[in-house]
1. Based on a Kirkwood Rh over C-alpha pairs, give the Stokes-Einstein translational diffusion coefficient of region 19-63 at 10 °C and viscosity 1.306 mPa s in µm²/s.
2. Show the residues, 5+ positions off or on another chain, whose built amide H is closer than 5 Å to the amide H of SER274.
3. Any chance you could run the full-extension gain for ALA80 through SER94? It's 0.36 nm times the residue separation minus the Cα-Cα distance, nm to one decimal.
4. May I ask you to derive the FRET efficiency for ILE176 and LEU225 from their Cβ-Cβ distance with R0 = 22 Å, giving the value to the nearest 0.05?
5. Counting only other residues whose beta carbon sits under 13 Å from that of GLN172, what net charge do I get with K and R as +1, D and E as -1?
6. How large is the convex hull of the Cα atoms of region 117-165 per residue, expressed in Å³ as a whole number?
7. Hey, rough spin-label estimate for ASN238 and SER267, points 7 angstrom out along Cα→Cβ, what's it come to in nanometres?
8. Using the Kirkwood radius over Cα pairs, work out the Stokes-Einstein diffusion coefficient for region 52-161 at 10 °C and 1.306 mPa s, in µm²/s as a whole number.
Amino acid sequence: MSQKQAQLLASAIGGGGLPSVIGADNTLLTSTGAVAQWETLSSLIDAVFGSTRGMMLRRGASAWEAFAKGTQYQALTGGATDPTWAAIDVSQASAITGTLGIGNGGTGQTTANPAFNALAPTTTRGDLIRRGASVNERVALGATGTILGSDGTDPIWRTLTAILDAVIGSSQGTIIKRGASSWEALAKGTSTYVLTAGASDISWAAPASSGQPIPTSSSYAVGSLVFMYYSSVTAVTNGSTAGGGNLEPAVGTAAADILAGSAATQSGTWLNVSGQTQDNNGTYRYGYWVRTV
């Protein structure tokens with residue numbers, strides 16, 4: 001001990017500035033400004049920096065300093081010059097490292113497609129994902145020609161026939177037509193009825209002899225096959241030709257079956273392809289004709 005140190009120690013003892021006994025283990029001799037005393041390190045830090053719970057110490061620009069606890073869920077991050085409380089910026093590559101596995105809420109992958117594949121239930125090309133009763137699940141590719149439809153609970157692969165049966169109906173002979181607002185079923189008509197176009201729709205109806213018209217104009221195209229009444233002579237056989245002016249469209253072999261307004265209205269040249277059918281008066285005047293010119 002130097003002479004000056006001895007003098008200072010003697011002065012302190014003589015003035016009562018030093019405690020008379022040694023402090024407890026791990027205590028420090030500190031000064032209150034008036035006397036020296038033994039204190040724990042915690043008491044010393046409380047006295048110098050404060051005693052707020054969660055406070056931390058860091059080395060500032062010129063001395064050690066206290067900084068308060070961050071808000072809930074913030075993390076202690078390295079700022080540009082000092083550690084600071086902040087939300088983790090995951091866009092910064094240096095903020096995180098490693099790959100989070102599926103068991104911890106990640107994917108175990110580092111790029112988009114492998115990450116999606118790690119979570120997806122699909123296993124085979126063409127697979128789809130649907131929401132099942134409680135989890136997302138795999139739907140295998142349907143058979144060739146099937147269509148993805150709905151059974152009211154899940155999307156499923158179905159044949160076109162199965163879809164039409166479910167939506168339109170499965171009765172044999174049913175046809176589909178466009179209604180006023182949607183496609184709809186039209187049941188098979190009565191035997192011998194024909195499908196007839198009305199003003200705005202189509203329907204099954206009795207043939208023309210019961211009052212429903214069929215074409216009678218002179219606009220039959222070349223190649224048309226029409227059942228006709230031959231009004232000129234009876235000597236007609238298969239292969240005979242005639243002018244359209246002598247032919248009248250008909251739907252039967254009675255005088256009442258000749259279509260109204262059809263007399264002498266046909267154009268062109270016609271070829272008889274059936275010979276003549278005897279009418280109810282015993283005259284052979286009905287047959288099938290094809291327009292050739």
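Readers should treat all values here as calculations from the given coordinates under stated rules, not as data from a laboratory. Computed from a prediction, not measured in an experiment: that's the story for all the values here. Cβ placement follows ideal geometry from the backbone for every residue including glycine, while neighbour counts extend to all protein chains displayed.
1. 130 µm²/s
2. GLY239, TYR288
3. Full extension of this stretch gives 3.7 nm more.
4. Efficiency, from the Cβ-Cβ distance: 0.20.
5. Local charge sum for GLN172: 0.
6. 62 Å³
7. The modelled label-to-label distance comes out at 3.1 nm.
8. For the chosen part, D equals 82 µm²/s.
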